[in-house]
Amino acid sequence: MKAIETKGLTKYYGRTRGIEELDLSVEEGEIFGFIGPNGAGKSTTIRILLGLIRKTRGEARVLGMDAEKEKEAILREVGYLPAEAAFYAGMRVGEALDFSARLRKKDCREEARRLCERLSLDLTRKVGELSLGNRKKVGIVAALQHKPRLYILDEPTSGLDPLVQREFFSLLRERSEEGATVFLSSHVLSEIGRYCRRAGILRDGKLIRQDFVDKLTGTGAKRVTLHGASAPPALPGIRDVRQNGASLSFLYSGRADALVAALAGLSFDDITLTDPDIEDVFLHYYEKEGS
């Protein structure tokens, strides 16, 4: 059984596109990255999966259940963190988490205390007094404390400092190893590359690629950096040219012998060739689809 499966999933807001013909497949127990910039349709997809909005057409199943017809059963098995979580400002952190747990008819106090310790979150502080990062921590604990089968997390690390981000992903890995599924929606591409097994790339409401992360990064392009150069060689296959002080870099996806021949006519001090990072890969797929 798939943790998440959609077929031809489409949502329009009047004449405005939300998502179109989305065929998505997430395996149980994996950490899956859902990549796309703001406005690509990530949040629309998540809201349909949770039964918060109705699709225009297509199918959406979560944990084997119909996202519209069985949404209450689905929500009992899901830990959801929206991009902007809101709690009653007058409640203390412990009270807000207990309130969230009681909505699920569960006693999660022991697990909530453990999670708050790991994320350095004070249970006695009032929510209205918290910084953005600490309010995000409250949302994370609320999503994790009942140990659901599926975590749907929308931009979960915004506002978190690097140490807390690292601890947060340690928690996700632990839950995945215990058999839970993590659906991670993000535009922080380094997170996807570091922590996810597979990922889907969303552009203008359409899924343009879905695969293992290591296959997604295998574009065949190289990042070429010329130290002491002011212009790239005149060669097809060059894109994303960047000038950084005395160094110039670009992505190249053509033949190696053609690059060597073109570089022979340039003046530079040194050269570095590296595999592209995941941000470069993301741009590769966007430019490929947009060409």
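What percent does the relative contact order of segment 1-105 come to when contacts are Cα pairs within less than 8 Å and at least six residues apart?
Contact order relative to length: 26 percent.
Computed over the Cα atoms of segment 62-120, what is the ratio Rg over Rh, Rh following Kirkwood? Could the numbers behind the result be given before it?
Details: Rg = 13.7 Å, Rh = 13.3 Å.
Computed over Cα atoms, the ratio is 1.03.
Which percent of the Cα-Cα distances in segment 1-108 go past 25 Å?
I get 30 percent for the Cα pairs in segment 1-108 exceeding 25 Å.
Between segment 13-62 and segment 188-210, what's the alpha-carbon centroid distance in Å?
13
Mind checking the alpha-carbon convex hull of the chain and giving the volume per residue in Å³?
Measuring per residue, one finds 155 Å³ for the Cα hull of the chain.
Can you flag which of Lys55/Lys147; Lys147/Lys215; Lys7/Lys136; Lys105/Lys136; Lys42/Lys137 are past 25 Å Cα-Cα?
Flagged as over cut-off: Lys55/Lys147; Lys147/Lys215; Lys7/Lys136.
Compute the long axis of helix 278-290 from its Cα atoms, compare it with the longest principal axis of the Cα atoms of the chain, and write down the angle in degrees, 0 to 90, nearest 10.
Compared with the principal axis, the helix lies near 80 degrees.
Averaged across orientations, what area in nm² does the convex hull of the alpha carbons in segment 46-172 project?
7.9
I'd like to know how segment 196-271 sits against the 2.2 N^0.38 Å rule of thumb: what's its Cα Rg over that expected value?
Dividing the Cα Rg of segment 196-271 by 2.2 N^0.38 Å gives 1.38.
Given a cut-off of under 8 Å on Cα pairs at least six residues apart, what relative contact order in percent is computed for segment 34-85?
RCO, segment 34-85: 24 percent.
So how long is each side of segment 133-220 along the principal axes, counting just the alpha-carbon atoms, biggest first, in Å?
40, 28, 25 Å, listed from the longest principal axis down.
Got a number for carbon plus sulfur as a percent of segment 126-265's accessible area, 1.4 Å probe?
The C+S portion of the solvent-accessible surface of segment 126-265 is 49 percent.
So if a site counts as exposed when it's one of the GluC sites (Glu not before Pro), its DSSP state isn't H, G, I, E or B, and it has at most 13 other Cβ atoms within 10 Å, what's the longest stretch of the chain without one?
Within the chain, the longest run free of exposed GluC sites (Glu not before Pro) spans 179-291.
Of the chain, which part is the longest with no trypsin sites (Lys or Arg not before Pro) in a loop (DSSP not H, G, I, E, B) and with at most 11 other C-beta atoms within 10 angstrom?
Counting at most 11 other Cβ atoms within 10 Å as exposed, the longest clean stretch of the chain is 106-291.
Give me the 1.4 Å probe accessible area per residue for the chain, excluding ligands and nucleic acids, in Å².
That works out to 50 Å² for each residue.
On the accessible surface of segment 12-88, probed at 1.4 Å, how many percent belong to carbon and sulfur atoms?
45
The values are calculated or read from the model by the stated rules, or taken from the named source; none is laboratory data. These numbers come from a predicted model, not from an experiment. Every residue, glycine among them, receives a Cβ derived from its backbone with ideal geometry; neighbour counts consider all protein chains shown. Just so you know, the surface numbers come from the protein's heavy atoms only, side chains and all, with ligands and any DNA or RNA stripped out. Shrake-Rupley method; radii C 1.70, N 1.55, O 1.52, S 1.80 Å.
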